[in-house]
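Here's the structure, in structure tokens; my notes come after.
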Amino acid sequence: MKDNITYKMKDTVRLSDMIYYDDTISARLRQYQEGWYSYESTTDYLLPKFDSVLKATNRHIWLVVYLRNETLPEIYNSYSDTDPLTYAGQSYDLYHMKRISESEWYRDFPPERYGETMQWQQIERDEEFRNISLLRRMIDTKTLRRNMDSGFMRLTVKLSDLFETVSPDFGKGTSVRVENGAGQILFETGVREAERIKEDGQENYLTITEPFQDLDWRLVASIPKEWVEKDARKVKLLTVGIGSVSFFLFVCVGVFLSRYFSKRVSRIVRVLDSFRHGDFHKRIRFKGRDEFSTISQSINAMVEHMDELIQEVYVTSLKKKEAELESLQAQINPHFLYNTLSSISLLAKFGEVEQLHRMVSNLALFYRLSLNEGRTIIPVANELEQAKAYLDIQKVKYTDRLDVLFEVDPDLLRYEMVKLLLQPFLENVLKYAWCGDRVHIRVTGQRIDDDIELRIIDDGVGMKPETLRRIMRYDGDEETGYGIRNVQQRIQLHYGKAYGIQIHSRLGIGTAVAIRIPCVRRTAPYVIKEVARETDGQSDKLGASSAKEP
């Protein structure tokens, strides 16, 4: 029941996200222009957008948007004393903020935390109509001025719709209800049974409580103990009888079998213990043709070749591991080179000499660091420098549509790592994460105990949970997530199964990739050169922020 209710609540939050994160709505609400622009903003965008949001679900929801911009007109229906959710016309209204500015529930609404502040409350006539509303501010997503909202939204649903799965199916006389933190009952089924519970007293009932995560609500079920304890005595007696007989039988059989097999097992254990200490000269002999004879013959045959095979398998596994590392590193997608050469050709055709020079220089730097004289392990500074070169090449293509921020602890530059771990994820961001016509990328690095954690964070479209689960299986059966599997396999082949990548993503918010590797100091001296390049008129340095913060 709780899971079904939580799903419907999250579905309502999803609808509010479609308005909350819409940059175009935010832009329209910021424009204080009367006349034609106000009319066009309302009729050509705001109303169709609100209508499409409500059509994104098959549930009946009433949407109210309060506008701070009073140059935009109010558009609403007249409900008189009827429930708005029973109205047959449009299910959304537009009002000015002055209608609620003096309301107690609005004044008590908590300060805005971007993307998180929202409340479920019964306001105005919700309690009378058996409704409940999701309340949320509308802020300026362009400038993130969280102390100044551009509007307020209210999505109202029926309690019967939200709690339709709450039903007393535990047995006769059961009552199930939803309560808030103050003990107020929001919804209840089995009302007659609830009155009977008050008369009989709670001591005659079993009460089960299930709290809702992130909400001061709880789901409470009261079940008669006489129903729960029905036939309990018979079950107890039957359980004790069967348990006692089984215990006595197993003890007798166990004693007999242990005496019969203990001697032979002890001989096998002694010989195997000698094998564990490196003595492969002992042998086991049993008379007869039972399982122990077969085991002894197999062990004797295995030990005859074990000493020779240990050395052979050890050398072979080392060579195989090195070959797998080289093969995995050779699988980096070559499309980047094709696309870059195509961009260079276009720059040369249109005479963009300065950008052409920057792109060729960055391409040369990128592949010089990628090849690295055939070495698999490179300093962390080189990996960051290569990532910067890759992004500088892409900024020639995307110009100011791409913003990048590097926040790396300078202490990490004295360690080394497997090369080409960051570039595949940066490529995925530019290939799949676009939300509108801009994308922001943030690369961070910090030391956590004896490990290094590198993160690539974007504010793109994000991924659906099922897509993320399919990518994180690493089974190699699908084309999806090929580059991610490549990085995961290279990390685990070199550092072991304890390390690798983790991906967290929310649809419409963005994706964060965490790469975890151990701290390994450089074995050969390496001079860290400060890398400085001009990016959007700023100087980027390793270990410091680069580009503007999104």
Could you tell me whether any residue of the stretch 111-129 is touching a residue at least 24 places away in the same chain (Cβ under 8 Å), of a type outside the set (Asp, Glu) and farther than 30 Å from Leu215 by Cα?
no
Could we say that Glu383 is within 30 Å of the chain's Cα centre (by Cα), within 23 Å of Ala512 (Cα to Cα) and either of a type in the set (Gly, Ala, Ser) or assigned to a helix (DSSP H, G or I) (or both) here?
yes
Among the residues of the stretch 346-363, count how many are in contact (Cβ under 8 Å) with a residue 24 or more places away in the chain and either open to solvent by 60 Å² or more (accessible area, probe 1.4 Å) or within 17 Å of Lys388 (Cα to Cα) (or both).
5
Can you name the number of the only condition in (1) touching a Ser or Thr at 6+ places or on another chain (Cβ under 6 Å); (2) among the hydrophobic types (A, V, I, L, M, F, W, C); (3) open to solvent by 30 Å² or more (accessible area, probe 1.4 Å) that Trp62 fails?
(3)
Just one of the numbered conditions (1) closer than 18 Å to Lys2 by Cβ; (2) at pLDDT 70 or above; (3) of a type outside the set (A, V, I, L, M); (4) not in a strand (DSSP E or B) is not true of Ser222; which one?
(4)
Matching strands (runs of 3 or more DSSP E) fully within the stretch 395-495 where at least 2 residues are of a type in the set (Phe, Trp, Tyr):
none
Those residues of the stretch 430-449 that are farther than 18 Å from Pro518 by Cβ and in contact (Cβ under 8 Å) with a residue 60 or more places away in the chain come to a total of 5
Any residue at all in the stretch 375-384 that is touching a strand residue (DSSP E or B) at 6+ places or on another chain (Cβ under 9 Å), at pLDDT 85 or above and open to solvent by 20 Å² or more (accessible area, probe 1.4 Å)?
yes
Restricting the stretch 41-76 to residues that are among the small types (Gly, Ala, Ser) and under 30 Å from the mean Cα position of the chain (by Cα), the residue that is farthest from Met138 (Cα to Cα)
Ala56
First in the stretch 400-427 and open to solvent by less than 10 Å² (accessible area, probe 1.4 Å), second anywhere and modelled with pLDDT of 90 or more and part of a loop (DSSP other than H, G, I, E, B), Cβ under 8 Å, 6 or more apart
Tyr415/Cys519
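Could you tell me how many of the residues in the stretch 496-508 are out of contact with any Cys (no Cβ under 9 Å at 6 or more places or on another chain), in a loop (DSSP other than H, G, I, E, B) and closer than 15 Å to Thr467 by Cα?
1
To keep it simple, each residue is scored yes or no on (1) modelled with pLDDT under 80; (2) of a type in the set (Ser, Thr, Tyr); (3) under 17 Å from Thr376 (Cα atoms); (4) surrounded by fewer than 17 Cβ atoms within 10 Å (Cβ to Cβ).
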residue: Asp477; (1), (2), (3), (4): yes, no, no, yes
residue: Gly481; (1), (2), (3), (4): yes, no, no, no
residue: Val487; (1), (2), (3), (4): no, no, yes, no
residue: Arg490; (1), (2), (3), (4): no, no, yes, no
residue: His494; (1), (2), (3), (4): no, no, yes, no
residue: Arg521; (1), (2), (3), (4): no, no, yes, yes
residue: Pro525; (1), (2), (3), (4): yes, no, yes, yes
residue: Lys529; (1), (2), (3), (4): yes, no, no, yes
residue: Gly537; (1), (2), (3), (4): yes, no, no, yes
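Suppose we filter the stretch 74-101 for residues that are part of a loop (DSSP other than H, G, I, E, B) and open to solvent by 80 Å² or more (accessible area, probe 1.4 Å); how many remain?
6
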Answer from Ile299, Ile268, Ile295, Ile284 - the residue that is in contact (Cβ under 8 Å) with a residue 12 or more places away in the chain and open to solvent by 70 Å² or more (accessible area, probe 1.4 Å)
Ile295
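Search the stretch 271-281 for residues being surrounded by 10 or more Cβ atoms within 10 Å (Cβ to Cβ) and without any contact (Cβ under 8 Å) to a residue 24 or more places away in the chain, and hand back the single one that is farthest from Ser296 (Cα to Cα).
Step by step, filter the stretch 271-281, then rank; the result is Asp279.
The values are calculated or read from the model by the stated rules, or taken from the named source; none is laboratory data. Bear in mind that the values here come from a model prediction, so they are computed numbers and not experimental data. Positions of Cβ are generated from backbone atoms using ideal geometry, with glycine treated the same way; all protein chains shown enter the neighbour counts. Only protein heavy atoms, including side chains, enter the accessible area calculation; ligands, DNA and RNA are left aside. Shrake-Rupley method; radii C 1.70, N 1.55, O 1.52, S 1.80 Å.
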